[in-house]
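Novice: Supplied in structure tokens, the structure appears directly below.
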Amino acid sequence: MERKGLRIRWDGGIFVNLEDTKIFIDPIGFPREKPDIVIVSHAHRDHYSLKALRSMNAPILMSEPTQKIIYHDRKPESVLIVRDEFNIGDISLKFIDSGHIIGSKGVLIERGMKIFYTGDFTTEKRTILNPLKPVECDILITEATYGAEFYNFPEREELDDRLLELVGKALRGSELVYIGARTLGTAQEIFALLSREGLSDLISLEPRICRNTVIHSEYEEIGKVSENKENIGIILSSIGRVVSRIRRGENAIVCTGLSVRWRMPNTVPLSSHEDMEGLLDFVERTG
């Protein structure tokens, strides 16, 4: 879109030309113009490319949890840790919790007019994180991962109860149950929910989930992360590994919003995104 002094386009990420300042958000490719500043909203790999980040000759803004997940124990000099606000000239950048994963941020760009980029988000109260609240703005750039009418999720409490019911039933019938979820975000929500129910000692985490959960727990109490590697109790794993177990008739559960379209047993549409109704409601309440 274009208007006087402003141009917003897709160019390997969201590229915002605000008069003489170029802001590049969530780079997964290489823009035609050199940005003045780069922003990474969160640490899911569909929102950044390490190759693209390494090519940027500009400051890269991200939250501390995002930096830890992307770069592990190192921090490149170009990476600047932001918390709430950052100014570039007379442009104000405000970073707002988006409720998606640990460290995820929406970005409010303000110089006269207000432009809000949501990144991935949820407005629903979950076991973890603070939900995104409506932001007053002139231009809204929103995600639409589940932006289709057939994506209609039940209330969170109903989803939590459904998952706990399936876990309880599975544990009664076997010593072992697999739960598949996105390794960053939903997996930590499930871990926190099960920990709240007193099941943390029964949970084993695959290595990537374990690392993400340890980082998450540095910023929010979600339960005791066990080093137990034995195949007993509940094994929290990636979606792909567990879907195949369900197909083989094994004791397994998968949690993802995509499952509303699957004809598969033992699935729960638990997601860290809004469904179609939630997206439309957020747009209406943001003005």
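Bear in mind these aren't lab numbers, they're just calculated from the coordinates by the rules spelled out. On a predicted model such as this, the values are computed, not experimentally measured, just so you know. Here Cβ is always computed from backbone atoms with ideal geometry, including for glycine, and neighbour counts include all displayed protein chains.
Novice: Do you know which of the residues in segment 16-50 that are polar (S, T, N, Q) and over 22 Å from the mean Cα position of the chain (by Cα) is farthest from LEU80 (Cα to Cα)? Spell out how you get there, then give the answer.
Specialist: As a first pass, look at segment 16-50 and keep what is polar (S, T, N, Q): 17, 21, 41, 49.
Right, trim to over 22 Å from the mean Cα position of the chain (by Cα) and you get 17, 21.
Values: ASN17: 21, THR21: 18 Å.
Checking each candidate, the answer is ASN17.
Novice: Which pairs turn up if I take residues in segment 53-67 that are closer than 18 Å to LEU93 by Cα and look for partners that are of a type in the set (Ser, Thr, Tyr) and surrounded by fewer than 16 Cβ atoms within 10 Å (Cβ to Cβ) with beta carbon separation below 9 Å, at least 6 apart in sequence or on another chain?
Specialist: These pairs meet every condition: ALA58/SER78; PRO59/SER78; ILE60/SER78; GLU64/TYR219.
Novice: Right, here's the next one. Note down all Cβ pairs under 8 Å where the first residue falls in segment 74-94 and is farther than 24 Å from SER55 by Cβ, the second is assigned to a loop (DSSP other than H, G, I, E, B), and they're at least six residues apart or on different chains.
Specialist: Close Cβ pairs satisfying both conditions: ARG83/SER63; LYS94/ASP84.
Novice: What do you reckon, is PHE153 touching a residue at least 60 places away in the same chain (Cβ under 8 Å), among the aromatic types (Phe, Trp, Tyr), closer than 30 Å to ILE25 by Cβ and surrounded by 16 or more Cβ atoms within 10 Å (Cβ to Cβ)? Explain how you work it out, then say what you get.
Specialist: On the way: touching a residue at least 60 places away in the same chain (Cβ under 8 Å): yes; among the aromatic types (Phe, Trp, Tyr): yes; closer than 30 Å to ILE25 by Cβ: yes; surrounded by 16 or more Cβ atoms within 10 Å (Cβ to Cβ): yes.
Considered against the rule, which asks whether it is touching a residue at least 60 places away in the same chain (Cβ under 8 Å), among the aromatic types (Phe, Trp, Tyr), closer than 30 Å to ILE25 by Cβ and surrounded by 16 or more Cβ atoms within 10 Å (Cβ to Cβ), PHE153 comes out as yes.
Novice: Separate question: If LEU205 satisfies every condition in (1) within 24 Å of ASP97 (Cβ to Cβ); (2) surrounded by 22 or more Cβ atoms within 10 Å (Cβ to Cβ) but one, which is the exception?
Specialist: All conditions are met except number (1).
Novice: Of everything in segment 240-287, what is among the small types (Gly, Ala, Ser) and in contact (Cβ under 8 Å) with a residue 40 or more places away in the chain? Give them in sequence order. Can you show your working first?
Specialist: Start the filter on segment 240-287 by keeping residues that are among the small types (Gly, Ala, Ser), which leaves 240, 244, 249, 252, 257, 259, 271-272, 278, 287.
Correct list: GLY240, ALA252, GLY257, SER271, SER272, GLY278, GLY287.
Novice: Being assigned to a loop (DSSP other than H, G, I, E, B), closer than 30 Å to ARG248 by Cα and of a type in the set (Gly, Ala, Ser) is the filter; apply it to segment 258-287 and report the residue that is nearest to the chain's Cα centre (by Cα).
Specialist: Of everything passing the filter in segment 258-287, SER272 is nearest to the chain's Cα centre (by Cα).
Novice: Taking the condition without any contact (Cβ under 8 Å) to a residue 12 or more places away in the chain, surrounded by 13 or more Cβ atoms within 10 Å (Cβ to Cβ) and under 27 Å from HIS72 (Cβ atoms), does SER226 pass? Before you say what the answer is, go through the steps one by one.
Specialist: On the way: without any contact (Cβ under 8 Å) to a residue 12 or more places away in the chain: no; surrounded by 13 or more Cβ atoms within 10 Å (Cβ to Cβ): yes; under 27 Å from HIS72 (Cβ atoms): yes.
So SER226 does not fit the description; no.
Novice: Still on this structure: Can you give me the number of residues within segment 6-28 that are part of a loop (DSSP other than H, G, I, E, B) and touching a Lys or Arg at 6+ places or on another chain (Cβ under 9 Å)? Break it down stepwise before answering.
Specialist: First, pick out the residues of segment 6-28 that are part of a loop (DSSP other than H, G, I, E, B): 11-13, 19-20, 26-28.
The next check asks that each one be touching a Lys or Arg at 6+ places or on another chain (Cβ under 9 Å); those that pass are 11-12, 19, 28.
Residues in segment 6-28 being part of a loop (DSSP other than H, G, I, E, B) and touching a Lys or Arg at 6+ places or on another chain (Cβ under 9 Å): 4 in total.
Novice: Let me ask you something else. Across segment 48-82, which residue is nearest to PHE15 (Cα to Cα) among those that are of a type in the set (Val, Ile, Thr) and not in a helix (DSSP H, G or I)? Don't jump to the end; show me each part of the working.
Specialist: Keep residues of segment 48-82 that are of a type in the set (Val, Ile, Thr), which gives 60, 66, 69-70, 79, 81-82.
Remaining after also requiring not in a helix (DSSP H, G or I): 60, 79, 81-82.
Values: ILE60: 14, VAL79: 19, ILE81: 21, VAL82: 20 Å.
Of everything passing the filter in segment 48-82, ILE60 is nearest to PHE15 (Cα to Cα).
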